[in-house]
Each structure stands twice: as C-alpha cells, then as structure tokens.
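**Q** Quick one: the structure is below, and I'll ask about it shortly.
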Amino acid sequence: MSAAPGRAGPPPDGRPGGRFITLEGGEGAGKSTQALRLAGSLAAAGLPVLRTREPGGAPGAEALRAVLLGRGPSEPWDPVTEALLHFAARREHLAHTLRPALAAGIWVVCDRFLDSTVAYQCFGQGVPRALVDGLAALTLDGLRPDLTLVLDLPPAIGLGRVATRGGADRYERMPDATHERIRAGFRAIAAAEPERCELVEAARPPDVVAASLREAVGRRLGVPLVDPLPA
Ligand SMILES: Nc1ncnc2c1ncn2[C@@H]1O[C@H](COP(=O)(O)OP(=O)(O)OP(=O)(O)O)[C@@H](O)[C@H]1O
Ligand SMILES: [Mg+2]
C-alpha cells in the first residue's frame with residue numbers, strides 16, 4: 001500500500017509509519033520548548049504523537065533520572081559509571097516506551113537520546129567513544145533516530161536562560177569549558193551524520209526556531225507541518 005499524499009511512507013526498517021525524532025543540544029538550548037511545539041504540530045497534522053524525554057520516559061528510567069540529575073554522591077560519579085546509568089535508563093525507556101510506541105506506528109518526539117551521552121560523557125567528560133558506541137550496539141537493538149534536531153547555541157546563552165529557573169542540576173553546574181566541549185561534541189555529531197542530523201541555530205526567538213524545525217521535519221520526513229498556534 002502506498003503512502004497517502006503528503007504523508008511519510010513507512011521507515012526503511014519495516015516498522016509501521018511512526019518515526020523517531022530526537023531533539024539534542026546543551027543546557028537551555030530550547031529542547032523541551034521545541035519538543036512540545038513540534039509534537040503539537042505533528043498532532044495538528046493528524047499524526048499520533050508521543051512526547052518523551054531522557055534520562056526518563058519510563059518509571060525505572062525516571063527513577064534513574066532523579067539519581068543522575070539530583071545531588072547524587074558527595075563525590076562526582078566516575079564518568080563511566082555515569083554513562084552506564086544513562087544506558088540503564090535508556091534501556092528501560094526503549095523497552096517500555098520507545099519500542100511499543102514505534103511498533104504501534106506512533107511518532108515519537110524525544111527530548112535527548114544517545115547523542116547526549118556521546119556529547120556529555122565522551123566529549124564533555126572523557127569517556128572513550130568506543131565504550132559508548134559499544135554499549136549502544138549491545139543495548140539499543142539497532143534503534144536509531146529517523147531525524148535528530150540538534151539545537152546549537154553558545155553555552156553562556158543557554159545557561160543564562162536556565163539560570164532564572166533556580167536550583168541548577170548537576171549538569172548545569174559543570175565548568176564552562178565542559179559546556180564548550182559538549183557544544184563542540186554536538187556539532188561534531190551533526191557534521192559526521194548529516195543524513196540523520198539537522199543542525200539548527202537556536203539563539204533565535206522560539207517562534208523562528210520552531211518554524212525551522214517544522215521545515216526540517218517536512219523536508220526530511222515528508223510531512224508538511226503548520227504552527228497549530230499561530231501568533
Ligand atoms: N529560542 C529561545 N529564546 C529565548 N528563550 C528561550 C528560547 N527557547 C527556550 N527559551 C527559554 O529558555 C529556558 C530553557 O528552555 P528549555 O527548557 O526549552 O531548554 P532545554 O534545552 O530543554 O533545557 P535543559 O537542557 O535544561 O532541559 C526556558 O525558560 C524557555 O522558556
Ligand atoms: Mg529540557
């Protein structure tokens with residue numbers, strides 16, 4: 001059966017029509033804001049949508065999120081331990097939320113995924129890339145986003161945005177140099193995988209960024225999207 005005009009056909013790996021879209025970027029880049037808006041646009045286009053996040057998105061994974069983002073131990077986590085905890089949370093998310101949703105043909109909009117582990121733990125904290133790539137190969141059952149929207153902006157701007165929120169989490173409190181390496185990491189990932197990743201200039205106003213994301217989703221996944229809440 002061919003896809004209806006204006007609708008995306010099935011993904012190449014045999015799943016039904018749902019697609020897996022991830023939003024990535026540093027602290028305060030606008031991932032959560034844009035995930036909500038993009039999910040709204042997909043729903044307005046008549047598509048079944050699930051918005052979820054990492055670390056989290058399933059009960060066990062949310063418990064690990066509290067451990068990872070909270071006060072944690074008095075000493076910092078060993079970076080490899082931290083990567084393992086992210087993969088444990090990701091596996092729960094995959095098993096209980098992502099796989100069932102994608103198998104049901106739902107469009108999944110996910111606020112952070114594997115690229116955040118690569119950017120934060122490898123580029124930011126020095127975990128060998130081979131270790132994270134190996135864990136991904138062993139634990140993700142081949143799941144890969146159909147599209148990754150990488151929100152790029154100078155860390156000082158993003159940290160300035162989240163400062164007003166109060167009660168900075170462990171990641172927001174990292175040194176400036178670490179945030180800079182994380183940004184460089186996300187940019188390197190986007191450059192290395194242009195067929196999967198769209199690098200988006202995220203220092204622009206939220207409406208402008210949202211329009212860029214709708215355009216990218218439309219162009220790459222074949223669904224023309226509109227703003228469900230035009231100003
Ligand atoms: N394009 C933008 N311009 C200015 N402010 C923005 C923009 N996008 C989001 N914000 C504001 O910046 C703050 C952080 O946005 P948001 O929570 O969406 O970022 P995030 O990438 O999810 O952050 P975190 O990494 O902490 O999860 C919020 O107060 C939000 O309203
Ligand atoms: Mg967020």
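**Q** Within the range 20-220, what whole-number % of the accessible surface is contributed by carbon and sulfur, with the 1.4 Å probe and all protein chains included in the calculation? Spell out each step's value before the answer.
**A** Working: 5020 of 8520 Å².
Carbon and sulfur together cover 59 percent of it.
**Q** For the range 20-220, what are the per-bin percents of Cα-Cα distances with bins 10 Å wide, up to the bin holding the maximum?
**A** The distribution over the range 20-220 is 9, 37, 40, 14, 1, given as percents.
**Q** Would you mind getting the accessible area per residue of the chain, heavy atoms of the protein chains only, 1.4 Å probe, in Å²? Intermediate values should be presented prior to the final figure.
**A** Numbers: 10560 Å² over 231 residues.
Dividing the accessible area of the chain by its residue count gives 46 Å².
**Q** Report ³J(HN,Hα) in whole Hz for each residue of the range 150-164, in order, from the Karplus equation J = 6.51 cos²θ - 1.76 cosθ + 1.60 where θ = phi - 60°; Gly and Pro get x.
**A** Calculated HN-Hα couplings, in order: 9, 8, 10, 7, x, x, 4, 5, x, 5, x, 5, 7, 4, 5 Hz.
**Q** Rg and Dmax of the range 19-93, using alpha carbons, in Å: what are they?
**A** Reported Rg and Dmax, both Å: 14.6, 48.
**Q** While we're looking at this one, here's another question. Collect residues whose amide H, placed 1.01 Å from N in the peptide plane, falls under 5 Å from the amide H of residue 51; neighbours closer than 5 in sequence don't count.
**A** Close amide H contacts, sequence-distant or interchain: 109.
**Q** Rounded to the nearest 10 degrees, what's the angle between the helix 206-221 long axis and the longest principal axis of the chain, both from Cα atoms, 0 to 90?
**A** Taking the Cα atoms of the chain, the angle to 206-221 is about 60 degrees.
**Q** Once every DSSP H run of n ≥ 4 in the chain is given -39500 (n - 2.57) and the sum is divided by its residues, what mean residue ellipticity at 222 nm do you get, rounded to the nearest 500 deg cm²/dmol? Please report the intermediate quantities before stating the final value.
**A** Values: 9 runs with 102 residues, N = 231.
After summing the helix terms and dividing by residue count, I get -13500 deg cm²/dmol.
**Q** What residues have an amide H closer than 5 Å to that of residue 225, excluding those fewer than 5 places away on the same chain, when H is modeled at 1.01 Å from N in the peptide plane?
**A** Counting only residues 5 or more places away or on other chains, the set is 218.
The values are calculated or read from the model by the stated rules, or taken from the named source; none is laboratory data. Computed from a predicted model, the values in this text were never measured in an experiment. Accessible surface is based on the protein model in full, side chains and every heavy atom, while ligands, DNA and RNA are left aside. Shrake-Rupley method; radii C 1.70, N 1.55, O 1.52, S 1.80 Å.
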